[in-house]
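The values are calculated or read from the model by the stated rules, or taken from the named source; none is laboratory data. Nothing here was measured: the structure is a model prediction, and the numbers come from that model. Every residue, glycine among them, receives a Cβ derived from its backbone with ideal geometry; neighbour counts consider all protein chains shown.
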Amino acid sequence: MDDRIWEAGWNRAQKLMRKGQAETLYLASDADDAFAATVLAAAKAAGISPDQTKTGDQLAKLAGVEVFTAVLTAVKKQA
């Protein structure tokens, strides 16, 4: 993908958003609607606009895992 640090999973994304460390958030375009609504609301509260252009399988491939990945987050670089 690039030289950023990527974290897969919703729990990790929530922690990164709470700490203000989430730079980019991908939400799988084929994620469950109820789950997606939860992610979108939390992302909006954190001031992040999720990218929903990739499927869960595409995100899994980017993350280097073998299971469907509904959320993938880029960690902000430390100054």
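Just give me the residues in region 42-76 being acidic (Asp, Glu) and touching a strand residue (DSSP E or B) at 6+ places or on another chain (Cβ under 9 Å), in sequence order.
Correct list: Asp51 only.
Within region 1-18, restricting attention to residues that are in a strand (DSSP E or B) and within 11 Å of the chain's Cα centre (by Cα), which residue is modelled with the lowest pLDDT?
Trp6
Residues being free of Cβ contacts under 8 Å to residues at least 12 places away in the same chain and either surrounded by 15 or more Cβ atoms within 10 Å (Cβ to Cβ) or under 19 Å from Asp57 (Cα atoms) (or both): count how many of those fall in region 1-33.
Total satisfying the criteria: 3.
Select, from Val39, Val75, Val67, the only residue that is over 20 Å from Arg4 (Cα atoms) and modelled with pLDDT under 95.
Only one candidate passes the filter, namely Val67.
Quick one: which residue in Gly56, Gly9, Gly20 is farther than 20 Å from Phe68 by Cβ and of a type outside the set (S, T, N, Q)?
Gly20
Could you check region 28-47 and list, in sequence order, the residues that are of a type in the set (A, V, I, L, M) and not in a helix (DSSP H, G or I)?
Ala28, Ala31, Ala46
Ala60 passes all but one of (1) small (Gly, Ala, Ser); (2) buried (at least 16 other Cβ atoms within 10 Å of the Cβ); (3) assigned to a loop (DSSP other than H, G, I, E, B); which number fails?
Answer for Ala60: the failing condition is (3).
Look through region 63-75, keep the residues that are farther than 12 Å from Trp10 by Cα and surrounded by 15 or more Cβ atoms within 10 Å (Cβ to Cβ), and return whichever of them is nearest to the chain's Cα centre (by Cα).
Ala74
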